[in-house]
């Protein structure tokens, strides 16, 4: 048997967006197994429910992560609205859909840039992030902030968007599509990119189901799994939503899934802007949450759970946020076993890790 | 998004012995494990298991005493539950009997052990100092974890 | 399989102008909807303390006895919950952010008692800037601003 060495990877590493620690057990250049450990960014945000009243808790939950920020705010509001039995107006639902899908566009553009950086293609990384700036400017114009939006509240939304701004949003997104297509062609067809991505980190459909993978990791292996398909999200079903599924199961397939979702989100936003009704954007809320409620949201990285428990007071008893990266860690550990050392950054980034979401 | 109708928000309460039967039924019918939630409530630690299939949820709660919580592990059925069970062990001090892929307390690294459960009887001053020896422990845990990985696999 | 598929993009950016603009020499233009720094009309404030209770980062301190309202500029996260909660509508968001600095700025605004307002009004008559808004309001604000360093805010617009 060859000699084994243990190399610590992280928590500080140039390719990692967030600190995670892996102990890689190596034989020559092949990783035999990887042992993760987390906790470097644990801020104890869930314990703040004892100090912050439930309407203000939205601003704490939004700041769990900067990339999935709108999803967290919306998921928490959905959980409390389900807890108290509140129905929000239809215009608010459409606006939440528009912002959520715009957040997905932003997250996938960011991930594509980081993926290019992980195999050293820095100019592609910078060009992809230049496109992301257009999306951030749209966020700033409609919500008031580039990264943290503070626009969701229990009972609806805090601000409205007028028709001129929606028309501007549609125009800017239509101009963005050909620029994204130019860069998407590089990711999908270029031979040097393909030699780094194809055949790396293969997960078959049975393995993905046995490991509990969610999101684009599962959809890249052929599992048709998406929270937006369910009847309660009738808006998505009405707009003709169909999840993007690839069957190859390697990193290239997961990249293609996210690129297809990018274009699909832009189409969903434009369709929603055409059909948005007029009306109020919030309803008044009285009383306090008294029950337990579990809500689910499809974040850009997969399925997220939001559990809230109230006891009729201004302070909640418990909230729990389970983010998709938490569910994808077993899939990451499995793909790392048997990989080459030079592929480790790509395999970590292929599940789109958001460690600050995992550790709250 | 419209008036959240996640079906079946009921959480049935079972004892630790009824848990394995419930989980086995779910596995046979093809439900996925969604999340395991732990909560400190009135000197008890309650662990909630949420299973999901289609648009339905199926939930169960087990209540354990906070000083010495112990519960059988479900990793022999759902291998990927090790992520949740290790985290709950590191934060709340719950002992999962039969846990495959046990990280021995080194999965969720915090400055104090079991920060969410101050009532735990087993927290000792020696356990609080163990982050000085993190390097050695990880080395020895490597041997322990790789043996268990070879035996147990991914469930 | 394609080779050099980035070639067109690279050549275009090699001979075109840069996509960045020269911040800080070119000033940043913010849209009107930006949630920026918090401004207060101290005379309308009744010191109820609701904004301090709602602030998620505890950046606001309200002192009813001394009639002062303090905000820690670097602790404010621009969520504007205080603006939504204020019953007298005396808080607003500016359309700029706080300028980055090496010290943590803390700004205190005090409401002057009515006699001091009239004396300050007579002193300030020669400055032309005080003719914009109503006389009492602007004068107490410039009196308040003279006590503490104000790095970025000029004449705040009326709420």
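Structure summary
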{"quantity": "Of the criteria (1) crowded, with 24+ Cβ neighbours inside 10 Å; (2) out of contact with any strand residue (DSSP E or B) (no Cβ under 8 Å at 6 or more places or on another chain); (3) at the interface with chain B (Cβ under 10 Å from one of its Cβ atoms), which one residue A:358 fails", "calculated": "(2)"}
{"quantity": "Candidates A:135, A:151, A:105, filtered to the one that is in contact (Cβ under 8 Å) with a residue 60 or more places away in the chain and either more than 23 Å from residue A:304 (Cα to Cα) or within 13 Å of chain C (Cβ to nearest Cβ) (or both)", "calculated": "A:151"}
{"quantity": "Selection status of residue A:311, in contact (Cβ under 8 Å) with a residue 40 or more places away in the chain and within 12 Å of chain B (Cβ to nearest Cβ)", "calculated": "no"}
{"quantity": "Subset of region A:213-231 that is within 17 Å of the chain's Cα centre (by Cα) and assigned to a loop (DSSP other than H, G, I, E, B) - its residue that is farthest from residue B:32 (Cα to Cα)", "calculated": "A:220"}
{"quantity": "Of all residues making up region A:22-67, the number that are in contact with a strand residue (DSSP E or B) (Cβ under 8 Å, 6 or more places away or on another chain) and within 30 Å of residue A:133 (Cβ to Cβ)", "calculated": "5"}
{"quantity": "Residue A:260 vs. criteria free of Cβ contacts under 8 Å to residues at least 24 places away in the same chain and surrounded by fewer than 17 Cβ atoms within 10 Å (Cβ to Cβ)", "calculated": "no"}
{"quantity": "Count of residues meeting criterion [under 16 Å from the mean Cα position of the chain (by Cα), touching a residue at least 24 places away in the same chain (Cβ under 8 Å) and either within 14 Å of chain A (Cβ to nearest Cβ) or not in a strand (DSSP E or B) (or both)] in region C:87-105", "calculated": "13"}
{"quantity": "Among residues of region B:34-53, those that are touching a strand residue (DSSP E or B) at 6+ places or on another chain (Cβ under 9 Å), within 11 Å of chain A (Cβ to nearest Cβ) and either part of a loop (DSSP other than H, G, I, E, B) or touching a residue at least 40 places away in the same chain (Cβ under 8 Å) (or both), counted", "calculated": "4"}
{"quantity": "Contacts under 6 angstrom Cβ, first residue in region B:105-120 being facing chain A (nearest Cβ under 8 Å), partner buried (at least 18 other Cβ atoms within 10 Å of the Cβ) and part of a loop (DSSP other than H, G, I, E, B), 6 or more apart", "calculated": "B:108/A:39; B:109/A:39; B:110/A:39"}
{"quantity": "Test for residue C:51: is it touching a helix residue (DSSP H, G or I) at 6+ places or on another chain (Cβ under 9 Å) and either closer than 30 Å to residue A:164 by Cα or outside the structural domain of residue C:103 (by TED's automatic domain parsing) (or both)", "calculated": "no"}
{"quantity": "Residue check for residue A:345: part of a loop (DSSP other than H, G, I, E, B), surrounded by 20 or more Cβ atoms within 10 Å (Cβ to Cβ) and more than 12 Å from chain B (Cβ to nearest Cβ)", "calculated": "no"}
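The values are calculated or read from the model by the stated rules, or taken from the named source; none is laboratory data. Fair warning: this is a prediction, and the values are worked out from it, not measured in the lab. Counting neighbours? That spans all protein chains shown, and the Cβs are built from the backbone with ideal geometry, glycine included.
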